[in-house]
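The values are calculated or read from the model by the stated rules, or taken from the named source; none is laboratory data. Keep in mind the model is a prediction, meaning the values are calculated, not measured. Glycine also receives a Cβ, built like all others from the backbone with ideal geometry; neighbour counts cover every protein chain displayed. Each accessible area value is taken on the protein alone, full model and side chains, heavy atoms only, with ligands, DNA and RNA left out. Shrake-Rupley method; radii C 1.70, N 1.55, O 1.52, S 1.80 Å.
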Amino acid sequence: SFAMPLPGMALAWSKFHLGADPLLPFRAAGLLACLAAYAIGARGGGRGRGAFFALAAALAALGPAPSDAEQVFYAFSLLVFLLLELVRLERGGFAPAAVAGLAAGFSMLTRSPLFLFPPLAAVLGFFSARGRVPGTGRRAAAALLFLACAYLPVVPWARLNHHLFGRVILFEEARPASNIITGAKGLVFSIEGDARAFAGLSRDESVYPW
């Protein structure tokens, strides 16, 4: 439960099931991130802006070291969600809401910073669709569908954690502790070492009351 499951599943699938380079899914994600960036840039800005966006994504994503692989995967998932969210806000309706919601959910299976974003996006989509989707009930249903699809991918992960640990664990557990401790101590970067020992905390003590 320390990290979200999707990057580890992709690595294991490539290494143990395909017998390929474990970083293959992450390199593929880097290439696909360039396509997503191009599509985002080209929306309303032409091919030139799309190419500029794709070049920026390529410089950031291609050729990752193993320690950067999860970041590339997360960047790819965010770009895909952003593209589909733009489509949802532009068109409205149920299909774009479902697809954009699932994209948000799969980004949370890589890292969880977007976990509070879907409710805000649902409200924005509800009001921005007034000119394209007639009927308050229809817009509300699309917003609720977006919300449901956004959190649906997290349900199997939470159920697995409950089965293994006997309690509800929705996202990464204890992973932010090092950043919280070093930030509270006034340090800019996380430390290499045991941040809990640095704060005088045992392995079982929560960092939040500290």
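Hey, could you check the range 60-78 for residues that are under 11 Å from the mean Cα position of the chain (by Cα) and of a type in the set (Ser, Thr, Tyr) and say which is modelled with the lowest pLDDT? Taking the candidates together, the pick is 74.
Of all residues in the range 1-29, how many are over 20 Å from residue 78 (Cα atoms) and in a helix (DSSP H, G or I)?
So the count comes out to 6.
Looking only at the range 139-178, filter to residues that are without any contact (Cβ under 8 Å) to a residue 60 or more places away in the chain and either in contact with a strand residue (DSSP E or B) (Cβ under 7 Å, 6 or more places away or on another chain) or more than 26 Å from residue 80 (Cβ to Cβ) (or both); which one of those is most open to solvent (accessible area, probe 1.4 Å)? The qualifying residue most open to solvent (accessible area, probe 1.4 Å) is 163. Can you pull out every residue in the range 30-55 that is among the charged types (D, E, K, R) and in a loop (DSSP other than H, G, I, E, B)? If the condition is that a residue be among the charged types (D, E, K, R) and in a loop (DSSP other than H, G, I, E, B), then 43 is the only one that fits.
Checked against the criteria, residue 133 counts as touching a Gly at 6+ places or on another chain (Cβ under 9 Å) and either among the β-branched types (Val, Ile, Thr) or not in a helix (DSSP H, G or I) (or both).
Each residue in the range 78-136 was checked for being among the aromatic types (Phe, Trp, Tyr) and over 23 Å from residue 154 (Cβ atoms), and 1 pass. Residues of the range 2-27 that are small (Gly, Ala, Ser) and open to solvent by less than 40 Å² (accessible area, probe 1.4 Å): 3, 10, 12, 14, 20. Residues in the range 105-133 that are open to solvent by 90 Å² or more (accessible area, probe 1.4 Å) and over 30 Å from residue 70 (Cα atoms) were compared, and the one that is modelled with the highest pLDDT is 127.
Checking each residue in the range 11-32 for being among the small types (Gly, Ala, Ser) and under 17 Å from residue 107 (Cα atoms) picks out 28, 29, 30.
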